[in-house]
Amino acid sequence: MRGFRFSDYKPGDTPKGGFDELLKLFSELLNYTAGDAAEALSWLNELDKQYKLTNNDYGIGNFIDDLKDKGYLTEDNQSGEFKITAKTEQTIRKSALDEIFGKLKKSGRGNHNSNQSGIGEEKNADRREYNFGDSLDQIDITASIQNAQINHGIGDFTLTDRDLEVEEKDFKTLTSTVLMIDISHSMILYGEDRITPAKKVAMALAELIKTKYPKDTLDIVVFGNDAWPITVKDLPYLQVGPYHTNTYAGLELAADLLRRRKTHNKQIFMITDGKPTCLKENGKYYKNSMGLDRKVINKTLNMAAQCKRLKIPITTFMIAKDPYLQQFVRQFTEINGGRAFYSSLNGLGEYIFEDYIKNRRKTVK
């Protein structure tokens, strides 16, 4: 008989050091080692020594064997080098999605500001109680029966209107997004790792779009001295280089990618921690890291204005708190007509997810 069985949760029932527990930690370590499996396993071994993650029945050696048997890891027979597989890459993206999406505030329907939700064509993640006048095809029967069992018990089944749970739907809209990630050297300076949270957000956003909004498009652009596109598959291995910040090149490439998309809703999300410091002219780099260089700033602001003419809003997620940098971002945002968030590293994912879902429900005419 299919159904739900409820019992008391006892934390002590969970075995310590099992495969699933170690896999979560291994996936997290891969974010910090840029996908280097050998280094991540070395860190895991050290953590095991310090915190006794494993037990007498299941050790790190058993875990490595299971990783290979289950298709998470490959080993070169000649060199002995470990490499992660596509299955591991997907696991990292899903883990990032669960971590960030799970932090979004859960409340009644309408948590995201939009007047387009309601009777639509495409389900979204929002749930709420049934209200008089709601269409019957919006009722989630499985969730409603579960609510009735929780609320009234299973001995004498009772279903009331307060048990009914309704799925929100969106009118079908397609959104094309370019996520720009700053990989200049400052993203790891000053004792703060800023690139790892940025990578995790990118992987989570990619997984969200792939699983929930498969018709949307996501392009990822990284920018340092130059700018170039990368694929979702490249994200776990992304590292900061000894680069300056050529924001102009990143915006130019992002606008060019979006110009080719045949959708009405287009947007750029830019994650950065610093000021533009670099341009490329006639094959040579023009660099100035001392303050806000007028030449670099003016070209960057002109690119923001060009994106506005193309009806491409730019949302800037600034993960630095210097007042003069925030002043530049305010000017940049005003010229483009976009938005700016001055986010901590911990809140970066929630900001981007809320903004993506909210923007996706807007209909551009």
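Let me spell out the model: positive unit charges on the Cβ of Lys and Arg, negative unit charges on the Cβ of Asp and Glu, origin at the Cα centre of the chain. What dipole size does that give, in debye rounded to 20?
1900
Could you point to the residue in 55, 228, 145 farthest towards the positive end of the chain's charge dipole, with +1 and -1 charges on the Cβ of Lys/Arg and Asp/Glu respectively?
228
Cβ under 14 Å from residue 306's Cβ, residue 306 left aside: what net charge do those residues give with Lys, Arg +1 and Asp, Glu -1?
Residues close to residue 306 contribute a combined charge of +4.
Which percent of the accessible area of the chain is formed by carbon and sulfur heavy atoms (probe 1.4 angstrom)?
Within the chain, the accessible surface is 50 percent carbon and sulfur.
When the chain is treated as a GNM, springs tying every alpha-carbon pair under 10 Å, which of 319, 297, 60 comes out with the largest mean-square fluctuation?
Looking only at 319, 297, 60, the biggest GNM fluctuation is shown by 60.
Can you tally the net charge around residue 235? Count Lys and Arg as +1, Asp and Glu as -1, for every other residue whose Cβ sits under 12 Å from the Cβ of residue 235.
+1
Send over a whole-number figure in Å² for the accessible area per residue of the chain, probe 1.4 Å.
Result: 54 Å² per residue.
Around residue 254, with a cut-off of 12 angstrom between Cβ atoms, what is the net charge of the other residues, counting Lys and Arg +1 and Asp and Glu -1?
Working: positive: 259, 260, 261, 266; negative: 219, 252, 256.
Result for the neighbourhood of residue 254: +1.
Given the rule -39500 (n - 2.57) for each run of at least 4 DSSP H residues, summed and divided by the residues of the chain, what is its mean residue ellipticity at 222 nm, to the nearest 500 deg cm²/dmol?
Computed mean residue ellipticity for the chain: -12500 deg cm²/dmol.
Tell me the volume per residue, in Å³, of the convex hull enclosing the alpha carbons of the range 122-170.
71
So if I take the centroid of the Cα atoms in the range 175-209 and the same for the range 129-154, what is the distance between those two points in Å?
39
Would you compute, for the Cα atoms of the range 20-101, the largest minus smallest coordinate along each principal axis and list the three values in descending order, in whole Å?
For the range 20-101, the Cα spread along each principal axis is 35, 32, 21 Å.
From Cα coordinates alone, what are the radius of gyration and Dmax values for the range 297-365 in angstrom?
For the range 297-365, the Cα radius of gyration and maximum Cα-Cα distance read 12.9, 38 Å.
What is the spin-label model distance, in nm, from residue 190 to residue 46 if the labels are put 7 Å beyond Cα along the C-beta direction?
Going from the residue 190 label point to the residue 46 one covers 2.6 nm.
Please build a GNM for the chain, connecting alpha carbons under 10 Å apart, and tell me which residue among 199, 266, 284 fluctuates the most.
284
Counting other C-beta atoms within 10 Å, and keeping those with at most 16, which DSSP coil trypsin sites (Lys or Arg not before Pro) do you find in the range 13-70? Before the final figure, lay out each step's value.
Values: sites: 16, 24, 49, 52, 68, 70; in loops: 16, 52, 70.
Hits after loop and neighbour filter: 16, 52, 70.
Given the options 211, 160, 175, which has the most mean-square fluctuation in a GNM of the chain, springs set between C-alpha atoms less than 10 angstrom apart?
Ranking 211, 160, 175 by mean-square fluctuation puts 160 first.
What is the antiparallel percent of DSSP beta bridges lying wholly in the chain, to the nearest 5?
45
List the extent of the Cα atoms of the range 175-364 along each of their three principal axes, largest first, rounded to whole Å.
43, 36, 32
The values are calculated or read from the model by the stated rules, or taken from the named source; none is laboratory data. These figures come from a predicted structure and were not determined experimentally. Heads up, the Cβs are rebuilt from the backbone with ideal geometry, glycines too, and the neighbour counts pull from every protein chain shown. Heads up: the accessible areas ignore ligands, DNA and RNA and are worked out on the full protein's heavy atoms, side chains in. Shrake-Rupley method; radii C 1.70, N 1.55, O 1.52, S 1.80 Å.
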